[in-house]
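Take a look at the structure below.
The values are calculated or read from the model by the stated rules, or taken from the named source; none is laboratory data. These numbers were taken from a predicted model, which means no experiment stands behind them. Because the Cβ atoms are built from the backbone with ideal geometry, glycine has one as well, and the counts that use them run over all protein chains shown. Ligands, DNA and RNA are excluded from the accessible area calculation, which covers all protein heavy atoms including side chains. Shrake-Rupley method; radii C 1.70, N 1.55, O 1.52, S 1.80 Å.
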Amino acid sequence: QEMVRARLAQLPPHERDALQLIAVGEPLDLAMLDDLDPAVLPALEERRLTRIELLDGRWVCTTDHSVIGESIREAMTTSGRLQQLRRLCSLLPEDVPASTSIRAASWFQSLGEPFPPALAAKAAHQALVALDTDTAVDLARSAATQHWRAAFVLAEVARAAGDGMQAAL
């Protein structure tokens with residue numbers, strides 16, 4: 001980790017900032033990084049700090065190795081991490097891909113901010129599909145009165161539990 005941190009200290013500030021964003025949110029859909037300087041991602045790839053790959057049918061950017069991501073996150077201050085989380089939330093597309101929805105909801109949770117109802121509903125549905133009913137219920141409750149999909153998730157969990165709608169309430 002000391003070697004990784006020494007390499008990171010040599011980066012120009014705009015590359016270090018981009019790398020922190022990637023480390024906090026990885027794997028990040030490439031579309032979320034469209035606003036970066038076009039030279040940043042190739043430079044980080046050439047330095048073997050990030051990689052771009054096809055994951056579940058979508059192009060994503062990650063740190064090149066888990067030690068790199070871990071070193072970056074550990075070296076960040078809490079305020080720096082919160083700043084990157086706010087930035088990630090602001091970069092989310094209107095229609096968040098289902099595969100990103102649970103992670104995106106966790107960004108809002110980490111900030112202590114309410115999720116957009118459509119995001120909470122989509123993330124709840126993804127958690128239900130993954131059979132993580134506790135997470136599904138937590139996410140769905142935050143949006144059940146504002147989004148039909150969240151109410152559907154609560155009903156499905158209640159039905160599966162055999163307790164009717166009472167379980168969802």
Self-check item: Qualifying positions in segment 30-50 - open to solvent by 90 Å² or more (accessible area, probe 1.4 Å), charged (D, E, K, R) and within 17 Å of residue 11 (Cα to Cα)
Solution: 46, 47, 48
Self-check item: Sole exception among (1) under 17 Å from residue 101 (Cα atoms); (2) buried (at least 17 other Cβ atoms within 10 Å of the Cβ) for residue 18, by number
Solution: (1)
Self-check item: Residues located in segment 130-153, provided they are within 10 Å of residue 102 (Cβ to Cβ) and either touching a residue at least 24 places away in the same chain (Cβ under 8 Å) or open to solvent by 60 Å² or more (accessible area, probe 1.4 Å) (or both)
Solution: 130, 132, 135, 139
Quiz item: For residue 144, all conditions in the list (1) among the small types (Gly, Ala, Ser); (2) assigned to a helix (DSSP H, G or I); (3) modelled with pLDDT under 85 hold save one; what is the number of the exception?
Solution: (2)
Quiz item: So, of the residues in segment 62-73 that are assigned to a helix (DSSP H, G or I) and of a type in the set (S, T, N, Q), which turns out to be surrounded by the fewest Cβ atoms within 10 Å (Cβ to Cβ)?
Solution: 66
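Please enumerate the residues belonging to segment 74-113 that are among the β-branched types (Val, Ile, Thr) and either part of a helix (DSSP H, G or I) or open to solvent by 30 Å² or more (accessible area, probe 1.4 Å) (or both). Before you say what the answer is, go through the steps one by one.
Kept after step one, since they are among the β-branched types (Val, Ile, Thr), are these residues of segment 74-113: 77-78, 96, 100, 102.
Selection gives 77, 78, 100, 102.
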